[in-house]
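**Student:** Would you mind keeping the following structure in view while I ask a few things?
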Amino acid sequence: MRPSLRQTVRGMRDLLPEEAWKLRFIEEKARLLANLYGYEEVITPVIEYYDLLAAKIGEENRRRMYVFEDFSGRKVALRPEFTASIARLVATKMVSEPKPIRLFSFGSLYRYDEPQFGRYREFWQANYELIGSGKPEADVEVLSLTNDLLGSLGLRNYVMKVNHVGVLRGILGYENVSEEAQNAIMQLLDKKSWNEALKIAEDHGASSRCLEALKSLFKVKGEDKEKIIEEISEIVREYPDALSALNNFREILDLIGRGGLEIKFMFEAGFARGLEYYTGLIFEVYVPELNVAVGGGGRYDRLIELFGGGSIPAVGVALGVDRIMLAMEKQDVHPERNREVRVLVVPVGESNIADALKISCLLRRNGIPSEVEVMRRSLSRALSDAGRRKITHAVIVGSKELSRGMVILRNMENKMQEESKIEDLPGKLKI
Ligand code: HAM
């Protein structure tokens with residue numbers, strides 16, 4: 001048989017019931033949190049114009065897009081993220097909505113990444129965008145909800161790696177390094193290719209003072225906020241835009257402290273993200289057990305204007321659901337599935353099948369999940385199979401009892417059974 005009839009495409013996965021349940025569990029928590037913070041859901045298409053998705057996604061991600069022509073020759077792509085679609089939506093159909101706009105999305109994304117642990121070609125995100133505010137409290141809100149989501153899922157010891165791209169871009173812009181070259185530098189920093197990044201800066205006219213400043217920044221790392229801010233401010237003291245970016249960074253961090261939010265930070269002044277639209281705070285979330293980020297986000301104040309929506313600042317985050325599932329596994333976090341009633345209705349003999357169907361309908365109409373034994377197995381075979389499938393109760397439909405309007409109700413856990421009137425079943429089975 002051809003392998004293509006039996007295999008999933010490389011990088012694509014089937015989620016079996018247990019995994020699918022976990023994904024939906026995370027989705028439910030993410031949706032609950034969206035509601036708690038006032039984010040409304042929007043659903044955007046999986047297929048968008050290539051130009052929209054490619055505009056500011058960054059070179060690496062651009063090369064990894066699934067791009068194709070539809071039958072009318074439109075150049076389209078599968079979405080690699082939500083942010084471009086949301087920016088399009090805000091710049092068009094939602095442009096006159098009062099600000100702020102808080103939007104939540106959940107769904108699958110596609111990137112032609114090299115498949116490996118935690119890296120898939122189809123993956124899922126819970127995405128939150130806060131649109132219309134350039135103020136530090138908006139950045140704080142996004143960090144806070146990220147923190148709350150991971151906490152509500154039972155994860156521990158997660159750390160937010162943070163930086164402010166305004167500092168790096170402030171230095172490079174002052175030296176007239178073009179935006180294109182800056183983008184290339186950010187891509188390299190994202191991959192920790194410090195020397196190559198410096199080389200590009202040099203090739204694009206950065207002075208030796210600038211290169212020294214960048215080199216010093218790349219060494220600034222740690223958890224002590226005051227110390228880090230102090231060190232950065234010393235390095236960038238001659239770059240006004242970088243200083244004002246640093247000031248914004250300090251305001252955000254101060255507000256977190258004063259707002260009583262407990263978030264564990266890791267500062268890295270040479271940290272950048274591959275996506276090109278970021279203009280301010282950037283961050284990624286890590287758990288110690290995984291070496292890939294479980295989430296990432298930041299401020300992007302100029303993307304919406306690129307799509308013709310006027311100058312609208314925004315900040316957001318996307319949590320990688322597949323990686324959160326892995327993190328939960330690694331940290332031994334196993335959410336309990338609600339032990340709900342599940343009934344199997346077993347007709348004893350062919351003559352009772354129709355009644356079994358009627359009883360199962362009665363139970364479902366009363367909101368009680370019920371399956372009918374459809375394999376025509378013997379009672380004992382059907383009951384032993386029921387145990388395997390997490391059935392909590394069996395309703396045994398036999399001719400003798402049926403003639404009196406009765407059935408047998410069996411509790412599969414303690415194996416106790418009793419006769420019951422058919423009409424009493426819903427009351428007895430409701431929890
Ligand atoms: P991102 O960092 O590209 O940001 O993706 C966010 C998260 O999606 C990552 O931290 C990771 O958990 C997950 N992810 C990304 N690629 C893969 C993959 N190949 N396999 C599994 N998981 C993956 C964004 O997408 C931005 N749109 C976030 C944002 C929203 N910024 C502002 N608003």
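**Student:** Leu303 passes all but one of (1) in contact with an Asp or Glu (Cβ under 8 Å, 6 or more places away or on another chain); (2) within 30 Å of Glu97 (Cβ to Cβ); (3) open to solvent by less than 10 Å² (accessible area, probe 1.4 Å); which number fails?
**Tutor:** Against the list (1) in contact with an Asp or Glu (Cβ under 8 Å, 6 or more places away or on another chain); (2) within 30 Å of Glu97 (Cβ to Cβ); (3) open to solvent by less than 10 Å² (accessible area, probe 1.4 Å), Leu303 comes up short only on (1).
**Student:** Among the listed residues Tyr120, Tyr158, which satisfies the condition of being open to solvent by 10 Å² or more (accessible area, probe 1.4 Å), more than 30 Å from Glu238 (Cβ to Cβ) and in contact with an Asp or Glu (Cβ under 9 Å, 6 or more places away or on another chain)?
**Tutor:** Tyr120
**Student:** Being more than 29 Å from Ile256 (Cβ to Cβ) and part of a helix (DSSP H, G or I) is the filter here; which residues of the range 198-214 pass it?
**Tutor:** Leu198, Lys199, Ile200, Ala201, Glu202, Asp203, Ser208, Arg209, Cys210, Leu211, Glu212
**Student:** Please specify each residue of the range 100-134 satisfying the condition of being basic (Lys, Arg) and either within 13 Å of Pro80 (Cα to Cα) or near the ligand (Cβ under 8 Å from one of its atoms) (or both).
**Tutor:** Arg111, Arg119, Arg121
**Student:** Quickly run through the range 66-78 and pick out the residues that are within 13 Å of the ligand (Cβ to nearest atom) and either open to solvent by 50 Å² or more (accessible area, probe 1.4 Å) or closer than 22 Å to Pro313 by Cα (or both).
**Tutor:** Tyr66 - this is the single residue of the range 66-78 that is within 13 Å of the ligand (Cβ to nearest atom) and either open to solvent by 50 Å² or more (accessible area, probe 1.4 Å) or closer than 22 Å to Pro313 by Cα (or both).
**Student:** Next question, about the same structure. Please work out which one of (1) at pLDDT 95 or above; (2) within 14 Å of the ligand (Cβ to nearest atom); (3) open to solvent by 30 Å² or more (accessible area, probe 1.4 Å) is the condition Gly173 fails and give its number.
**Tutor:** Only one criterion in (1) at pLDDT 95 or above; (2) within 14 Å of the ligand (Cβ to nearest atom); (3) open to solvent by 30 Å² or more (accessible area, probe 1.4 Å) is unmet by Gly173, namely (2).
**Student:** What number of residues in the range 321-341 are of a type in the set (D, E, K, R) and at pLDDT 95 or above?
**Tutor:** So the count comes out to 5.
**Student:** Take the conditions within 16 Å of the ligand (Cβ to nearest atom) and either among the aliphatic types (A, V, I, L, M) or in contact with a Phe, Trp or Tyr (Cβ under 8 Å, 6 or more places away or on another chain) (or both) and apply them to Leu319. Does it pass?
**Tutor:** yes
**Student:** Still on this structure, I have one more. Answer yes if at least one residue in the range 257-268 is under 18 Å from Val167 (Cβ atoms), surrounded by 23 or more Cβ atoms within 10 Å (Cβ to Cβ) and more than 16 Å from the ligand (Cβ to nearest atom), and no otherwise.
**Tutor:** There is at least one residue in the range 257-268 that is under 18 Å from Val167 (Cβ atoms), surrounded by 23 or more Cβ atoms within 10 Å (Cβ to Cβ) and more than 16 Å from the ligand (Cβ to nearest atom).
**Student:** Picking from Leu155, Leu168, which residue would you name as being more than 12 Å from the ligand (Cβ to nearest atom) and either without any contact (Cβ under 8 Å) to a residue 12 or more places away in the chain or over 24 Å from Ser311 (Cβ atoms) (or both)?
**Tutor:** Unique residue meeting the criteria: Leu155.
**Student:** Please determine whether any residue of the range 346-356 is in a helix (DSSP H, G or I), within 16 Å of the ligand (Cβ to nearest atom) and surrounded by 22 or more Cβ atoms within 10 Å (Cβ to Cβ).
**Tutor:** no
**Student:** Could you tell me which numbered condition Ala54 fails, if it satisfies all but one of (1) in contact (Cβ under 8 Å) with a residue 40 or more places away in the chain; (2) away from the ligand (no atom under 13 Å from the Cβ)?
**Tutor:** (1)
**Student:** Looking at Gly257, Gly270, can you tell me which residue is under 29 Å from the mean Cα position of the chain (by Cα) and free of Cβ contacts under 8 Å to residues at least 60 places away in the same chain?
**Tutor:** Being under 29 Å from the mean Cα position of the chain (by Cα) and free of Cβ contacts under 8 Å to residues at least 60 places away in the same chain holds for just one of Gly257, Gly270, which is Gly257.
**Student:** Considering every residue within the range 240-261, establish whether at least one is out of contact with any helix residue (DSSP H, G or I) (no Cβ under 9 Å at 6 or more places or on another chain) and either at pLDDT below 95 or not in a helix (DSSP H, G or I) (or both).
**Tutor:** yes
**Student:** Hey, another quick one. Please pick out the residue among Glu329, Glu336, Glu340, Glu289 that is among the charged types (D, E, K, R), outside any loop (DSSP other than H, G, I, E, B) and more than 11 Å from the ligand (Cβ to nearest atom).
**Tutor:** Glu329
**Student:** Checking Asp385 against (1) over 17 Å from Leu357 (Cβ atoms); (2) open to solvent by 50 Å² or more (accessible area, probe 1.4 Å); (3) not in a strand (DSSP E or B): exactly one of these is not met. Which one?
**Tutor:** That leaves (2) as the condition not met.
**Student:** Of the residues in the range 195-230, how many are open to solvent by 100 Å² or more (accessible area, probe 1.4 Å), within 23 Å of Val177 (Cβ to Cβ) and within 33 Å of the chain's Cα centre (by Cα)?
**Tutor:** 3
**Student:** Turning to a different aspect of this structure: Quick check, is Leu145 more than 9 Å from the ligand (Cβ to nearest atom), at negative phi and open to solvent by less than 20 Å² (accessible area, probe 1.4 Å)?
**Tutor:** yes
The values are calculated or read from the model by the stated rules, or taken from the named source; none is laboratory data. As the structure is a computational prediction, the values presented were derived from the model and not from experiment. Cβ coordinates were reconstructed from backbone atoms using ideal geometry, including for glycine residues, and neighbour counts include every protein chain displayed. Note: areas computed on protein heavy atoms with side chains; ligands, DNA, RNA excluded. Shrake-Rupley method; radii C 1.70, N 1.55, O 1.52, S 1.80 Å.
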